[in-house]
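Note sheet for the following structure.
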């Protein structure tokens, strides 16, 4: 199958050809014909599988020519909104359709100006969108297409009430395209309310990791975690690394601990200004920052090529987030490595990840690192239930995961 067989118009197809796309990805091959037919969609696929084109190309074809604002695409973060808007600009270059972008953390003036000039498709984050609607700058009276993208991430970030309010402001007669890596109960209830007779498209296992990624777990005593991170970075040949931390303060602290490296380190989290966030991502993409320290704001959807390693400095508390984090590497059939540092208190989260993946992830040690004892190194104890002096211990400790 090629893109020409999907029923796309010449103006939309030309942009695809210009980009050098040959064959649609599975989510594109299944979603584009359904979206072109006008039906609602619940789409689920791993990150990095081409979901943006799966909803963008049919919308561009449906809208045809410039007019009023008829399509709204909701994204959970500023970075994702910016990325999707940039992709739409490229897809729409032969159509004349105008793309708008709205998110918080910046002034209102330029966003109001683009609304006045005219927008056909608006990409937005929920909070700033509702601000502009409340101030009378926007209305959804002509809306015909609504896309809810990365909805499970919106749920994690507490945006679900805002999303419900936005949906309620949209005309009932519309096409709604819904994309989410996972469908927890809260989101399932939203789909029942917001969509009409949707077609469900699910590509691959929603809780599986890319086969091109090699996993390694590094047990360590809590007071040696920073030291082990430095040791791993020193002894690992990497080109581009994301270090994931659980909190914003933790990200700043870890970035500070890396300040003596021979190259600068970028930092990305929601407490940074929009200018700082944009500069960090731009610098990471360009190679100015070979290392980016980030919270889970960088775990979903961001399209950054060439990431060779992901390091989980903190084990994610939700196992699905592990899949999203390590999905930043091993993309486009290239190999990648995922290292996870963990202390005794994080062992339950490690167990949850292994249960979800259906496999035991290899434990390993960094050669010549001056480890202090941790009960995680003991053999003969079960992962599942044993507790000794408030510390969980692990059976079957093994060594020897691949490092590059």
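Only the coordinates and a few stated rules stand behind these numbers; no lab work does. Note that the structure is a prediction, hence the values are computed from the model and not measured. Cβ coordinates were reconstructed from backbone atoms using ideal geometry, including for glycine residues, and neighbour counts include every protein chain displayed.
Residue 235 to residue 86: FRET efficiency via 1/(1 + (r/R0)^6), r the Cβ-Cβ distance, R0 30 Å, to the nearest 0.05? For residue 235 and residue 86, the calculated efficiency is 0.25.
For the chain, averaging the sequence separation of C-alpha pairs within contact (under 8 Å, six or more residues apart) and dividing by the residue count gives a relative contact order of 16 percent. Using only Cα atoms, tell me the angle between helix 248-257 and the longest principal axis of the chain; keep it within 0 to 90° and round to the nearest 10. Long axis of 248-257 versus the principal axis of the chain: about 50 degrees. Set against the 2.2 N^0.38 Å expectation for a compact globular protein, segment 168-297 has a Cα radius of gyration ratio of 1.43. When you restrict to C-alpha pairs under 8 Å that are six or more residues apart and normalise by the size of segment 3-203, the relative contact order lands at 29 percent.
Treating r as the C-beta distance of residue 186 and residue 260 and R0 as 41 Å, the FRET efficiency rounds to 0.40.
Summary of packing: across the peptides 99-105, 192-198, 65-71, the per-residue average of other C-beta atoms within 10 Å ranks them, highest first, as 99-105, 65-71, 192-198. From helices alone, the chain scores -10500 deg cm²/dmol at 222 nm; the rule is -39500 (n - 2.57) for each run of n ≥ 4 DSSP H residues, then divide by the residue total. The antiparallel fraction among DSSP beta bridges confined to segment 213-392 stands at about 10%. Taking only Cα atoms, what is the 0 to 90° angle, nearest 10, from helix 51-63's long axis to the longest principal axis of the chain? Its long axis makes an angle of about 10 degrees. To the nearest ten degrees, helix 78-91 and the longest principal axis of the Cα atoms of the chain are 50 degrees apart.
A simple packing score, the average count of other Cβ atoms within 10 Å per residue, orders the peptides 235-242, 122-129, 57-64, 31-38 as 122-129, 57-64, 31-38, 235-242, with the highest score first. Measuring r between the beta carbons of residue 197 and residue 5 and using R0 = 30 Å, the FRET efficiency lands at 0.70. Between residue 114 and residue 39, the contour length at 0.36 nm per residue exceeds the Cα-Cα span by 24.0 nm. Across all directions, the average flat footprint of the convex hull enclosing the Cα atoms of segment 213-392 is 10.5 nm². Counting only DSSP beta bridges with both residues in the chain, the antiparallel share comes to about 5 percent. Extension gain, residue 18 to residue 173: 0.36 nm times the residue separation minus the Cα-Cα distance gives 52.4 nm.
Legend: Rg and Dmax of segment 3-203, from Cα coordinates, 15.7, 44 Å. If you wrap the tightest convex hull around every Cα atom of the chain and split its volume per residue, you get 145 Å³.
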